[in-house]
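Laboratory data are not the source of any read-out in this text; all were calculated from the coordinates shown. Here the structure is a predicted model, which means the values were calculated and not measured.
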Amino acid sequence: MAVIAVLAALCACGPSGAGPVPAAAGTETIVLRRADQPQAHRSTLERLKREAAASGRPLEEVVKRYAARVAATSSPRPTDFEGYDPAATDPDVVIDGIPYAELVDLGAVARAEGISYEEAIDRFGSQSSNSRVIDELNAEFPDEISGIRYVDDQRGLRIGFKGPIPARALELARTLPMEVTLVGRKGFSAAELREAQDTVVSWLRSRPEVATMMAHSDEETGQVKVTVQPKVMPDDAAEFTRGLQLPDLGNPRISVEVTLSAEPVAVRQQ
């Protein structure tokens, strides 16, 4: 596919054609190293690891047997029938704070990723508790969060803020059992970035020279990235992009990157 990339910066205060304001300009960063963060305490799983090593059975099998024993002693439902699976029958079985159904899923993740079951638990086992903290951050700072994403193969979390890093957000981040990077003063929120994307998409859909298009936002950089298939592929990509007369988004920290494609990229414009 022939692709020509053009960066079209939309600056609320600058002249047409002004360069984009980098998302990192003027930001502040706090890194909470994993060694200084709380450790996940999984005493039962550690005991089951030792049991698996001593018996020569896979840890996944040992965990399943343990979950079945827990279910048998805590559930009024029968657990001795053929094909009994505590993940499906007793979803309330929890081991070291991890629902057993998630531990089953981690077995599938381990096979898909080509890693051991133990590593899958280490890397992904805290996601339920992490999600509660992430939900709390989003609930407390809906107008400030500029994005939350896992990094380093799920071993770390990166959290961005439109303005200064709130003290409460730092407090919540210190409860996570992983390295957390907080970046403040990014100049935009995730909600504003989504609104900017909607504005750009709506505008491009109205342009007669656009055949098909697709867009997504990069919460790390504050860019709305758009791929456009022109009805007629231009010789001068920059001139074509200027001719789109993209709207002013009203925020110098949000920019638009336009990529031209000779091939269809989405549903055709009406």
Of all DSSP beta bridges with both partners in the stretch 151-270, the antiparallel percent, nearest 5, is 50
Cross-link reach from Lys162 to aspartates and glutamates, straight Cα distance under 13 Å and at least 8 residues apart if same chain, gives Glu28, Asp143, Glu144, Glu192, Glu219, Glu220
